[in-house]
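Worksheet for the structure shown next.
The values are calculated or read from the model by the stated rules, or taken from the named source; none is laboratory data. Quick caveat, the model's predicted, so the values are computed rather than measured. Backbone-built Cβ (ideal geometry, glycine too); neighbour counts: all protein chains shown.
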Amino acid sequence: MTRTINLIAILLILTSFGLGYSIFFGDNSYAQKKSLVNNNNIQHIKNNQLKLKNDILILEIQSAQSSDEHIENFARERLGLTYPDEEFISFEKKKDDEK
């Protein structure tokens, strides 16, 4: 009877060590969970930045669809298009290092 109880106790101890190893050092460990949470937080930040860029693009598209002035400014500033007898001058901002 005591031999059976000892075997069951040893089996429970070995099982608990096996599960403990899996929890602390295995594929589903706390370190792996912490790494995944960090990666998830980084991805949330990237997603929020992309959402802001998308919102800006949506506003530009809506502005371009509703205003001919916006289309003309876009063509002049970004595409460098001008009327035949017109000269377009653009100024570049200098960085603080280039003074």
Practice problem: Could you list, in sequence order, all residues of the stretch 68-78 that are surrounded by 12 or more Cβ atoms within 10 Å (Cβ to Cβ) and either of a type in the set (Phe, Trp, Tyr) or over 20 Å from Phe91 (Cβ atoms) (or both)? | Solution: His70, Ile71, Phe74
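Residue by residue, here is whether (1) small (Gly, Ala, Ser); (2) modelled with pLDDT under 85; (3) assigned to a helix (DSSP H, G or I); (4) on the phi < 0 side of the Ramachandran plot holds:
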| position | (1), (2), (3), (4) |
| --- | --- |
| Tyr21 | no, yes, yes, yes |
| Ala31 | yes, yes, yes, yes |
| Leu50 | no, no, yes, yes |
| Ile56 | no, no, yes, yes |
| Glu69 | no, yes, yes, yes |
| Pro84 | no, yes, no, yes |
